[in-house]
Amino acid sequence: MTAELAVGLPVIVLVLGACLGGLGVATAQLRAHDAAADAARLLGRGEPLARAEQLVARTVPGGRVAVSRPDELVCVTVAVEQRVLLVPMAVSGRSCALDAGW
């Protein structure tokens, strides 16, 4: 084995790990956004907050839910921590729906 290969192989593995971690972060962000959209629609229809939190927990394990009600909307933000090469990254998704006011 040459010295160049001995030095280059760990770098290739590190770059591949970072790329796969980036895909994991992108997937987590999409899931958080989808869960926020579904939760906002549930809350907009008058469903209880507990049901929206259950939906988020199924879709995004470890996800945290924050709800706000500006004007005639109900907005949900779902945040989760994702790790890339042992470095924690905050990932979130936000969505709003019309509040039916039930």
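Any residue that is within 30 Å of Val13 (Cα to Cα), modelled with pLDDT of 95 or more, of a type in the set (Val, Ile, Thr) and surrounded by 13 or more Cβ atoms within 10 Å (Cβ to Cβ) - is there at least one of those in region 70-80? Yes, region 70-80 contains a residue that is within 30 Å of Val13 (Cα to Cα), modelled with pLDDT of 95 or more, of a type in the set (Val, Ile, Thr) and surrounded by 13 or more Cβ atoms within 10 Å (Cβ to Cβ).
Please work out which residue is modelled with the highest pLDDT, limiting yourself to region 37-52 and to residues that are among the charged types (D, E, K, R) and surrounded by fewer than 16 Cβ atoms within 10 Å (Cβ to Cβ). Ranking the candidates gives Arg51 first.
The residues of region 27-51 that are among the charged types (D, E, K, R) and assigned to a helix (DSSP H, G or I), listed by number, are Arg31, Asp34, Asp38, Arg41, Arg51. All conditions in (1) touching a Lys or Arg at 6+ places or on another chain (Cβ under 9 Å); (2) modelled with pLDDT of 90 or more hold for Gln29, with the sole exception of (1). The residue list Gly24, Gly8 contains one member that is surrounded by fewer than 12 Cβ atoms within 10 Å (Cβ to Cβ), of a type outside the set (Ser, Thr, Tyr) and part of a helix (DSSP H, G or I), which is Gly8. Looking at (1) β-branched (Val, Ile, Thr); (2) at pLDDT below 95; (3) over 20 Å from Pro48 (Cα atoms), find the lone condition where Val60 falls short. Failed condition: (3).
Among the residues of region 45-102, just one is touching a strand residue (DSSP E or B) at 6+ places or on another chain (Cβ under 9 Å), over 16 Å from Val25 (Cα atoms), without any contact (Cβ under 8 Å) to a residue 40 or more places away in the chain and among the polar types (S, T, N, Q), namely Ser68.
The values are calculated or read from the model by the stated rules, or taken from the named source; none is laboratory data. Keep in mind it's a predicted model, so treat the numbers as computed, not measured. Quick reminder, even Gly has a Cβ in these numbers, built from the backbone with ideal geometry, and neighbours come from all protein chains shown.
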